[in-house]
Protein chains: 2
Amino acid sequence: MQVIKLKQFKNSSRFQSVMARRGKNDNSVLKVVEDIVVDVKNMGDVAVKKYMKSLNGMCLRNLRVSKEEINKAQSVVSDDFVIALKQAANNIRLVHNKQISLEAQSLVSPLCGIKVWKKWQPIEIVGVYVPGGLASYPSSVLMSVIPAQIAGCKKIIITTPPRPDGSVAPEVLVAANYLGVKDIFKISGAQAIAALAYGTETIPKVYKIVGPGNAYVATAKMIVSRQGEVAIDSPAGPSEVLIIADKTANPEFVAADLMCDSEHAEDSAAVLLSTSLQLARRVIKIIKNTVDNFSTGNRVKKSLKSYGLFATVKTLGEAVDFANDYAPEHIQIMTKRARAIAKKITNAGSVFIGPYTCKSAGDYATGANHVLPTGGSAKMFSGLSVFDFVRLVEYQQVSKGGLKKIRRTIQVFARVEKLPVHEFSGAVRFKEK
Amino acid sequence: MQVIKLKQFKNSSRFQSVMARRGKNDNSVLKVVEDIVVDVKNMGDVAVKKYMKSLNGMCLRNLRVSKEEINKAQSVVSDDFVIALKQAANNIRLVHNKQISLEAQSLVSPLCGIKVWKKWQPIEIVGVYVPGGLASYPSSVLMSVIPAQIAGCKKIIITTPPRPDGSVAPEVLVAANYLGVKDIFKISGAQAIAALAYGTETIPKVYKIVGPGNAYVATAKMIVSRQGEVAIDSPAGPSEVLIIADKTANPEFVAADLMCDSEHAEDSAAVLLSTSLQLARRVIKIIKNTVDNFSTGNRVKKSLKSYGLFATVKTLGEAVDFANDYAPEHIQIMTKRARAIAKKITNAGSVFIGPYTCKSAGDYATGANHVLPTGGSAKMFSGLSVFDFVRLVEYQQVSKGGLKKIRRTIQVFARVEKLPVHEFSGAVRFKEK
């Protein structure tokens with residue numbers, strides 16, 4: 001960990017790898033996942049159970065989480081968790097409620113006698129993959145399910161990897177149950193995605209699958225979606241943060257927030273761009289002195305070594321330009337007039353403004369969504385929102401008078417495009433009897 | 001062509017194939033396209049030109065369409081075409097202008113001291129594939145480029161297959177030039193998609209690729225998008241229509257509109273659901289008597305044979321249920337109180353209401369978009385719109401007082417999810433000095 005000038009960094013050998021982050025899914029996973037997907041498509045539950053045994057070492061009799069399991073989970077979780085869950089869910093609901101006017105139809109009449117309008121329709125059945133296994137992520141349940149409910153999805157199915165003893169983390173079950181999700185299945189990885197995509201005897205086929213996962217999950221989502229039979233959310237990779245700071249920033253906050261992203265995984269990324277060399281040096285010193293206090297310290301060190309960057313910039317404008325090119329999942333602005341700087345950020349998943357807007361606040365509690373585009377894909381993708389769970393259906397109505405006004409246009413285009421019935425289907429409506 | 005009762009049809013051997021339509025992309029294309037994509041990624045223009053020669057039989061010196069070519073096109077197209085182009089473009093602009101309030105930020109404050117808002121940001125650089133070759137599709141230029149311009153995309157690149165003589169159809173060039181698109185490249189199929197995805201010496205790398213194409217184009221889009229390096233629009237297959245008619249419908253209109261979809265290609269689909277057996281029989285008779293009048297008649301006959309359906313229903317409700325399950329690209333309602341029936345259609349690309357709203361009107365002139373989901377994917381995808389060219393960037397700002405209110409929630413979730421620095425990054429902001 002050392003501070004480098006951003007301009008110099010751009011010419012360094014490390015530049016490409018830092019910009020690319022972890023990079024892409026391992027192609028070696030592809031063949032394995034192809035087989036799993038085909039098997040589950042053809043064999044249903046039998047194949048799902050087979051892979052839960054061979055890959056996850058679990059003999060599951062029932063894939064569906066039972067009422068008893070949910071009741072047990074309710075009795076196990078702490079009161080503190082239930083309070084936190086309710087606050088988080090409430091804030092997420094408030095923030096996501098405002099995203100779409102589902103009733104708005106925006107009727108336009110470009111010419112008298114012609115009306116065109118659109119209407120949002122919910123995707124009827126959606127599948128949510130909640131990562132699990134060794135750790136548990138009840139926050140993921142909230143981030144995916146609440147927007148789907150606001151969109152009006154009729155059926156929401158959760159699949160999540162069970163723990164080694166075959167049970168699901170109680171916090172995940174309590175969160176799902178609190179939101180009223182009835183269909184929860186204990187299935188891991190690629191077999192879960194295939195089951196959702198094609199349906200099995202016990203798992204309903206869904207129209208869209210959302211939720212983050214490992215390379216197997218990401219690859220399976222890509223495979224099942226490539227023929228358009230099921231939609232998926234945008235691709236998600238390791239967590240990443242870029243912090244823009246000036247000399248007014250608190251180095252302890254900056255150090256904590258860089259480590260906060262790095263602790264997710266060894267391939268997470270954390271970038272500091274500072275107008276103050278002194279600040280950057282103090283941040284590094286604080287990280288060195290505190291990182292081993294955390295059980296995740298080794299992950300932090302490895303991720304900073306591989307994908308970390310501590311750089312100085314001459315101006316905040318230079319930092320903004322780099323940030324828009326890097327297109328980070330999370331960006332934190334810890335400078336004077338932070339909100340004015342934030343307005344210049346166009347390529348990012350979520351923009352955290354000011355010293356008290358730490359990433360963990362957005363991850364859990366502000367009501368913002370934490371499923372965000374990574375690896376630079378913020379240039380073309382959005383974070384998860386209510387828009388992921390709706391479709392825009394088009395409606396149009398033309399009167400005879402309206403059709404008369406565009407009849408020539410139809411005729412001209414149909415001739416250019418060599419589609420004579422297209423011309424005729426306009427003309428037949430004016431045929432003399 | 002014969003009329004069958006819809007209920008009986010559901011038990012027939014043809015049911016599955018009609019519901020599935022043409023089905024999916026040929027897997028044999030995959031290997032060929034994989035090679036093209038890798039070659040273009042590695043070799044740039046050299047590979048593009050190589051494939052234009054080996055696959056399309058063209059030796060192109062310049063991939064970019066020159067000013068001279070555009071000027072020549074301007075002098076060749078008819079005045080009628082220019083008038084039609086302007087009317088179509090104007091209507092498309094009027095309809096699409098209303099789709100998003102790009103300025104709206106919908107700021108929400110779920111708790112005092114916490115603010116969350118979202119802002120639409122345009123995708124900066126987009127690529128538009130305009131199909132071509134033997135036929136030409138200037139309407140495709142309008143449907144893709146105008147929504148991108150309304151979204152605020154800074155750079156729009158068009159690639160389109162040249163005609164056998166190496167030129168581009170003048171109507172396509174005039175349409176692109178009328179909209180102010182400067183970068184037009186003569187490239188076909190998979191090599192065009194790869195060039196847009198990765199960039200070459202002459203073709204800029206884009207962040208999203210839209211526009212319909214053949215199986216090579218569709219497969220290439222799938223391949224380049226699977227790692228999240230470039231986004232694509234929703235998958236597009238052969239054109240299809242489902243018409244719901246009662247005895248009040250004009251059989252000549254219905255016959256023309258069924259043939260209008262079928263003339264696109266041999267694998268297009270056309271379905272008639274009628275409460276009147278007499279109407280259905282008259283429609284079939286009219287088709288038989290008129291189909292050979294059209295140069296596209298053979299395509300119509302083949303597509304109706306493979307994917308056509310003429311069925312009677314007991315009630316319009318039965319037709320609506322089937323339609324929502326079939327999820328057609330285009331649906332036409334030619335019944336009494338058509339608008340009330342249309343309200344019940346939730347799964348469709350575009351809903352055409354009443355006897356004068358023919359599909360060709362929507363294809364060319366009403367201002368609606370004609371790039372629509374096919375093959376049942378209207379259950380999860382939208383037609384092309386301004387939303388395809390924007391991203392929703394999230395912003396959040398928390399004060400010290402706001403953070404205090406959610407501090408416990410952050411702590412509880414961070415502990416459950418075993419991310420200690422997440423807890424610490426909240427706590428460090430309240431550390432006593």
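Observations, loosely collected:
- Scattering profile of region B:375-433 at q = 0.14, 0.18, 0.24 Å⁻¹ [log10 I(q)/I(0), Debye over alpha-carbon scatterers]: -0.62, -0.71, -1.01
- Computed log₁₀ I(q)/I(0) - Debye formula, equal Cα scatterers, no solvent, the protein assembly as shown, q 0.06 Å⁻¹: -0.41
- In a reduced charge model with +1 at each Lys and Arg Cβ and -1 at each Asp and Glu Cβ, chain B shows a dipole moment near 1640 debye about its Cα centre.
- Taking the Cα centre of the protein assembly as shown as origin and assigning +1 to Lys and Arg Cβ atoms and -1 to Asp and Glu Cβ atoms, the resulting dipole is close to 1180 debye.
- Based on C-alpha pairs under 8 angstrom that are at least 6 apart in sequence, chain A has a relative contact order of 21 percent.
- A label point on B:Asp80, set 7 Å along the Cα-to-Cβ line, lies at 7.9 nm from each of its counterparts in the other copies, closest listed first.
- Ordering A:Asn347, B:Pro212, A:Gly199 by the projection of their Cα atoms onto the charge dipole of the protein assembly as shown, which places +1 on the Cβ of Lys and Arg and -1 on the Cβ of Asp and Glu, puts A:Asn347 at the extreme positive end.
- The simple Förster model, with R0 at 41 Å and r as the Cβ-Cβ distance, assigns B:Leu55 and B:Ser78 a FRET efficiency of 0.80.
- Order of A:Asp45, B:Asp35 under a 10 Å beta carbon neighbour criterion, fewest first: B:Asp35, A:Asp45
- Kirkwood-based Rg to Rh ratio, chain B, C-alpha trace: 1.05
- For region A:274-287, backbone phi angles converted through the Karplus equation (6.51, -1.76, 1.60; θ = phi - 60°) give residue-by-residue couplings of 10, 7, 10, 4, 4, 4, 4, 5, 5, 4, 4, 4, 5, 4 Hz, Gly and Pro being listed as x.
- Residue-by-residue Karplus 3J(HN,Hα) for region B:75-92, coefficients 6.51, -1.76, 1.60, Hz, glycine and proline x: 7, 8, 6, 6, 4, 4, 5, 5, 5, 4, 4, 5, 5, 4, 4, 5, 5, 4
- Inter-copy spacing of B:Lys400 label points, which lie 7 Å from Cα along Cα→Cβ, given in nm from shortest upward: 7.5
- Build a GNM of chain B with springs between Cα atoms under 10 Å apart, and of B:Asn11, B:Asn56, B:Asn42 the one that fluctuates most is B:Asn11.
- 10 Å Cβ neighbours from other chains, averaged over peptide B:210-223: 1
- Fewest-first sequence of B:Val416, A:Val76 by Cβ atoms within 10 Å of each Cβ: A:Val76, B:Val416
- Spread of Cα-to-Cα distances over 10 Å intervals beginning at zero, given as percent, for region A:147-245: 14, 43, 33, 8, 2, 0
- P(r), alpha carbons of region B:28-232 - 5 Å bins starting at zero, rounded %: 1, 7, 15, 18, 18, 14, 10, 7, 4, 2, 2, 1, 0, 0
- Here's how it looks for B:Arg391: its modeled amide H is under 5 Å from those of B:Gln121, B:Ile123, which are all 5 or more places away or on a different chain.
- Sites A:Asp45 and A:Ser66, calculated FRET efficiency, Cβ-Cβ separation with R0 25 Å, nearest 0.05: 0.95
- Region B:1-121 - convex hull of the alpha-carbon atoms, volume per residue in Å³: 401 Å³
- Taking each residue as 0.36 nm, the span from A:Glu201 to A:Leu107 lengthens on full extension beyond its C-alpha to C-alpha distance by 29.5 nm.
- What the Cβ-Cβ distance of B:Asn97 and B:Glu34 gives, at R0 = 35 Å and to the nearest 0.05, is a FRET efficiency of 0.30.
- Per-residue 3J(HN,Hα) values for region B:128-134, derived from phi via the Karplus relation 6.51 cos²θ - 1.76 cosθ + 1.60 with θ = phi - 60°, read 10, 8, 10, x, x, x, 6 Hz in sequence order (x marks Gly and Pro).
- As a proxy for reagent exposure, A:Lys404, B:Lys247 were ordered by neighbouring Cβ count within 10 angstrom, fewest first; the result is B:Lys247, A:Lys404.
- With label points defined 7 Å past Cα in the direction of Cβ, position B:Lys344 shows copy-to-copy spacings of 5.8 nm, given to one decimal and shortest first.
- Cα-Cα over 29 Å, subset of A:Lys221/A:Lys379; A:Lys49/A:Lys205; A:Lys285/B:Lys431; B:Lys98/B:Lys208; A:Lys115/B:Lys115: A:Lys115/B:Lys115
Computed from the coordinates by the stated procedures, all read-outs in this text should not be read as laboratory data. Remember, it's a predicted structure, so these values are computed and weren't measured experimentally. Methodologically, a virtual Cβ is constructed for each residue, glycine included, from the backbone with ideal geometry; neighbour enumeration extends over all protein chains shown.
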